[in-house]
Amino acid sequence: MGIIIKPLVTEKMTALTDKLNRFGFIVRPDANKLEIKREIEALYNVTVVAVNTMRYQGKDKSRYTKSGFIKGRRNAFKKAIVTLKEGDTIDFYSNI
């Protein structure tokens, strides 16, 4: 296992969850849709109807500081949007 890195909990994903019963996850870049579906179903005990994936490039970032100009790069990642069966839900806050 270990395909899912972390769930996405943002304002945009929360709105999508409330409206369409879709949940977002950051996954490993080499994971495919079938692996993602199997792991979500095993971890959260739900039925997955569809999986959509997106790959994001790392972005170059720079800023000026007191000590000078700093350049860096954000990591590239893969995002999966998972649609669940009607009536199923995932509660990310249950173990807090």
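Tell me which lysines have Cα within less than 27 Å of K12's Cα, excluding those fewer than 8 residues away on the same chain?
K33, K37, K59, K61, K78, K79, K85
Heavy-atom accessible area per residue, region 19-96, 1.4 Å probe: how many Å²? Before the final figure, lay out each step's value.
Values: 5780 Å² over 78 residues.
Ligands and nucleic acids excluded, the result is 74 Å² per residue.
Starting with the highest mean, order 54-67, 23-36 by the number of other Cβ atoms within 10 Å, averaged over the residues of each peptide. Don't skip to the end; give the middle numbers.
Numbers: 54-67: 8.9, 23-36: 16.9.
The packing order, highest mean first, is 23-36, 54-67.
Just to compare against my own numbers: the Cα pair-distance distribution for the chain, 10 Å bins, whole % per bin, please.
Here the calculated profile for the chain is 14, 42, 25, 12, 6, 1.
Between beta-carbons, use under 12 Å as the cut-off and find the net charge around V51, counting Lys and Arg +1, Asp and Glu -1.
Numbers: positive: R22, K33, K37, R38, K78, K79; negative: E35, E39, E41.
Neighbourhood net charge equals +3.
Starting from 0.36 nm per residue, how many nanometres of slack lie between D18 and R73 once their C-alpha separation is accounted for?
Working: separation 55, 0.36 × 55 = 19.80 nm, distance 3.32 nm.
That works out to 16.5 nm of additional length.
Can you give me the long-range amide H partners of L8? Hydrogens built in the peptide plane at 1.01 Å from N, cutoff under 5 Å, separation of 5 or more residues or another chain.
G24, F25, I26
With charges set only on the Cβ (+1 for Lys and Arg, -1 for Asp and Glu), what does the dipole of region 15-96 come to about its Cα centre, in debye to the nearest 20?
On the way: 17 positive and 9 negative charges, 170 e Å.
Taking the Cα centre of region 15-96 as origin, the dipole is about 820 debye.
What net charge is computed for the residues neighbouring K79, neighbours being all others with C-beta under 11 Å from the C-beta of K79, Lys and Arg scored +1, Asp and Glu -1? Don't jump to the answer; show the numbers that get you there.
Details: positive: K6, R55, K78; negative: none.
Residues near K79 contribute +3 overall.
For A31, what is the net charge nearby, where nearby means another residue's Cβ is under 12 Å from its Cβ and Lys, Arg count +1, Asp, Glu -1? Display every interim value, and only then the final one.
Numbers: positive: R28, K33, K37, R38, R55, K78, K79; negative: D30, E35, E39.
The answer is +4.
Need the full-extension length gain, L43 to V9, defined as separation in residues times 0.36 nm minus the C-alpha distance. One decimal, nm.
On the way: separation 34, 0.36 × 34 = 12.24 nm, distance 1.72 nm.
10.5 nm is the gain from fully extending L43 to V9.
When a/c reaches 1.5 or more, the comparison of a/b and b/c decides; with that in mind, is region 14-62 rounded, prolate or oblate per its Cα gyration tensor?
On the way: a/c = 2.64, a/b = 1.45, b/c = 1.83.
Verdict is oblate for region 14-62.
The values are calculated or read from the model by the stated rules, or taken from the named source; none is laboratory data. What you see is a predicted model, and the numbers here were worked out from it, not measured in a lab. Quick reminder, even Gly has a Cβ in these numbers, built from the backbone with ideal geometry, and neighbours come from all protein chains shown. These accessible areas exclude ligands, DNA and RNA; they are computed on the full protein's heavy atoms, side chains included. Shrake-Rupley method; radii C 1.70, N 1.55, O 1.52, S 1.80 Å.
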